[in-house]
Each structure stands twice: as structure tokens, then as C-alpha cells.
Amino acid sequence: MTLTQNHQHVLQLVLSCRKITAQVTNTTTSSIIAMASSSEQEFLAHYRSKLNRFPRSHRFWDAKVASRVGEKLGFRLREIGVTGVQIDAKEELSRPLHYRLMVSPLFHSIQRVGVHVSGADNFPSI
């Protein structure tokens with residue numbers, strides 16, 4: 001793919017205390033081409049273990065779950081032939097520090113799979 005084609009795919013994150021969702025959209029058609037979330041079947045046992053823990057935790061995902069979500073998304077992107085995505089670095093850097101530390105493994109795991117994440121260079125690796 002050429003450099004211009006790499007930048008037509010944008011990686012967006014939706015974060016809450018219960019789940020993390022990563023989706024890649026095609027900017028020319030505004031359609032979602034790949035998506036991975038911590039609410040998928042694979043993460044259900046981890047979610048239930050956090051749900052029934054005492055004292056109750058208010059956060060049901062962590063950096064390890066984010067890394068696995070990124071890995072799944074990276075494999076799905078490679079499967080359809082996408083070799084590069086772009087993030088809105090300004091938006092991601094505006095997140096609170098604890099969220100930035102937890103989502104940086106997501107970006108790095110996508111890159112380990114072989115999909116270049118443009119704009120993720122500013123995030124520390126854990």
C-alpha cells in the first residue's frame with residue numbers, strides 16, 4: 001500500500017470503566033472495517049472474575065486486556081490487507097494519564113502484529 005492509503009484508516013478508541021473498544025474506520029467511506037472489544041467472548045471469564053471480586057473493582061479491564069484487544073485487532077487488519085492506521089494523537093494525549101498508560105500496550109501490540117500505527121510514537125511502552 002502507498003503512504004496515502006495508509007492514512008485513510010483511522011484507529012479510534014472507546015473507553016469506559018467496563019470495556020475498551022478499538023475500531024478502525026475508512027475515512028473515505030466512514031465505515032468501520034475492523035473492530036475488537038473487551039466485551040467479546042474471549043474476555044468474558046476475565047470480566048466475570050472482576051465482577052464477582054470483593055471488594056468490587058470499578059475498572060474491569062487493564063493494560064493486559066488492552067494488549068490482547070490490540071493483538072486481535074491487528075490480526076483482523078492484517079487479514080483484510082491493511083498495513084497501516086493512523087490515530088488522532090491530540091485526542092489520545094488529552095486522555096488522563098492512567099488511561100494513556102493502559103492503552104499504550106494496545107498500540108504496541110498492533111505494531112508487533114505488523115500493522116504500523118502512525119502517531120503512537122509519543123506513548124510510553126510498559
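Applying the selection to region 77-107, what residues are closer than 18 Å to residue 38 by Cβ, surrounded by 18 or more Cβ atoms within 10 Å (Cβ to Cβ) and not aliphatic (A, V, I, L, M)?
92, 104, 105, 107
Test residue 117 against the criterion of being of a type in the set (A, V, I, L, M, F, W, C), outside any helix (DSSP H, G or I) and buried (at least 16 other Cβ atoms within 10 Å of the Cβ), and give yes or no.
Criteria met by residue 117.
Name the residues in region 15-36 that are surrounded by fewer than 17 Cβ atoms within 10 Å (Cβ to Cβ) and small (Gly, Ala, Ser), would you?
16, 30, 31
All of the numbers you see were taken from the coordinates with simple rules; none came from a lab. No experiment lies behind these values; they were computed from the predicted model shown. Virtual Cβ from ideal backbone geometry, glycine too; neighbours counted across all protein chains shown.
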